[in-house]
1. If you roll a 1.4 Å probe over the heavy atoms of the protein chains, what accessible area per residue do you get for region 426-486, in Å²?
2. Quick check: the distance between the Cα centres of region 121-148 and region 14-72, to the nearest angstrom?
3. Take every DSSP beta bridge with both residues inside the chain and express the antiparallel ones as a percent of the total, to the nearest 5.
4. Take the alpha carbon gyration tensor of region 66-212, find the square roots of its eigenvalues, order them as a ≥ b ≥ c, and report rounded if a/c is under 1.5; if not, report prolate when a/b exceeds b/c, else oblate.
5. Just check region 355-486 against the gyration tensor rule for me: Cα atoms, a ≥ b ≥ c as the square roots of the eigenvalues, rounded for a/c under 1.5, and otherwise prolate or oblate depending on whether a/b exceeds b/c.
6. Could you please put GLU266, GLU242 in sequence from largest to smallest accessible area, using a 1.4 Å probe?
7. With n ≥ 4 as the cut-off for DSSP H runs, can you work out [θ] at 222 nm for the chain, using -39500 (n - 2.57) per run divided by the number of residues, rounded to the nearest 500?
8. Can you tell me the dipole magnitude for region 131-285 around its Cα centre, using point charges on the Cβ only (Lys, Arg +1; Asp, Glu -1), in Debye to the nearest 20?
Amino acid sequence: FLLHKRGQQSIRLPFPPGPPGLPLIGNILTIPAKGAWLLFSELHTHLGSLLFFHGLGNNILVLNELTIINDLLDKNGEIYAHRPILTVLGELMGLNRSMPLLPYGKEWRSQRRLVHSALSNTAVVKYRRLQEDLTSQMLLDLVEKPEDFFAHVRLYAERIILMITYGLPINVADNEYITHAEATMHVIGEAMVPGAFLCDLIPWMRYLPSWISFQVKAAEGRSMIENMVQKPFDHVKQNIAEQTAGPSLMHDLLNIGGLEDRTSLEHSVKWATGSMYGAGGETTYATILTFMLAMALNPDKQELSQAEVDRVVGSDRLPTVADMSDMPYVVAVIKETLRWHPALPLGIARYTQQDSIYKGYHLPRNSVVIPNIWSICQQPHTKYDAKCFIPERFLDRNSGVIDPTTYVFGFGRRICPGKALAENSLFAAVAGILATFTMSRVPGDKLVPKFGQALVSYPEPFRCKIRPRSESKVLLVQNRVAQCKV
Ligand code: HEM
């Protein structure tokens, strides 16, 4: 309780509600390590839009409504821009040097500035050609081996990041960079959820011996993360020294020089580029796979999208990113994909070090703050069922439905710096796939949508029939691939 002075009177303000708990351990262990968005959204209906969990010396505040998230994370950005200290992932595995986990301060500002120079709305225009080239290569892969669509989509998303960040051309899905990044992101995704390890709730456990299970996992994770960030960095540095390095963001950033001392510049560049590598690939491919699942489940929406693509590009070319403004239905399909199943249902948690008062509640300092993006996506609507895939909700001016691109990429000062790049990558891939293929259920399959429950959530492996729409579409793809510069 917080004592709130009003005139002569002191009023006790309560914490927001939460499920019942036990002495000492409170209710914190009621939060599942995976898929917690489902529990939070269920509690939203019974307990309201602000939820509070506590126990073992920890506080967790869950925000279930967009107005509340904006009031706190955006309007009170100064107080809510920190990230939680995750003992295992941050300190023991060492990810607290990369931008998504850095505390709000000098090093974060310096990495954010570096990344912004490459990913601002204006800067990303120069990557369009690359995104279109890589889309055509993904389309050809889909023509040749449609059953491996998970791998092709993953390769597309990772190649964009590896090319832009390090100038590294990668041609196969089982390239060591790609497979290592995927394995590392799996470890990170599981460990990033606050409370994933008991040690995150009870930090002194970090001093327990190194043979204990979580310590072994932490040591493995540390070496995987080091490897993922260091390897491409060393590769490009060596190419620079040998004067064989192609253009890349890392090359440009290392050339800034002068103002800052070399060691700290190199440190910031290494971890800023490593952050892009880690944060940029998985989220993008999760969204494209979700789109493909949605198309297989909703053939009527797929036909409407294909009709729009055909109307705009005709029959002699593939779509480009510049077609986006002429394809409102396809854009609505992408928005509906982001809403139907957001890649980061709980965003990335924040942390507050200050007490505050909000809507009559005491929001205590040292609380992990979780924006429940999933709950915003699932907000009930009188006309459009939240569970159904209905792109039309974004074309109906009177629907009052909020555009998901204003919340699925996060909020305020820590909003995703890769948003503009991601939106172009999504459009290039989605419009290219719609132009070339029809996706459908495999006859006899039930195709029930199921999603993973880690930090980045994407469809569990599913079967889907991916047929080229015509021979001439395949020819278009082959001709376009022949013109690729990468
Ligand atoms: C569909 C694609 C993507 C989605 C849905 C997404 C979503 C998000 C969200 C929700 C956050 C947390 C923001 C917050 O705390 O409020 C975030 C952070 C971040 N994203 Fe993305 N992202 C995507 C693609 C990308 C790409 C392509 C890149 C880079 C190339 C990127 C780089 C980052 C980084 C570095 C952060 C940490 C920012 C910070 O802590 O200051 N993301 N993203």
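1. Values: 3050 Å² over 61 residues.
Each residue of region 426-486 exposes 50 Å² on average to a 1.4 Å probe.
2. Between the Cα centres of region 121-148 and region 14-72 lies a distance of 41 Å.
3. On the way: 24 of 29 bridges.
Percent antiparallel among DSSP bridges in the chain is about 85.
4. On the way: a/c = 2.27, a/b = 1.42, b/c = 1.60.
Note, shape of region 66-212 comes out oblate.
5. Numbers: a/c = 2.22, a/b = 1.81, b/c = 1.23.
Judged from the Cα gyration tensor, region 355-486 comes out prolate (a/c at least 1.5, a/b above b/c).
6. Working: GLU266 40, GLU242 105 Å².
Reading off the accessible areas and sorting them downward yields GLU242, GLU266.
7. Details: 16 runs with 224 residues, N = 486.
Computed ellipticity for the chain at 222 nm equals -15000 deg cm²/dmol.
8. Numbers: 10 positive and 21 negative charges, 107 e Å.
With Lys and Arg at +1 and Asp and Glu at -1, about 520 debye.
The values are calculated or read from the model by the stated rules, or taken from the named source; none is laboratory data. The model shown is predicted, which means the values in this text are computed figures rather than measured ones. Positions of Cβ are backbone-derived with ideal geometry, glycine not excepted, and every protein chain shown enters the neighbour counts. What goes into the accessible areas is simple: the full protein's heavy atoms, side chains included, and nothing from ligands, DNA or RNA. Shrake-Rupley method; radii C 1.70, N 1.55, O 1.52, S 1.80 Å.
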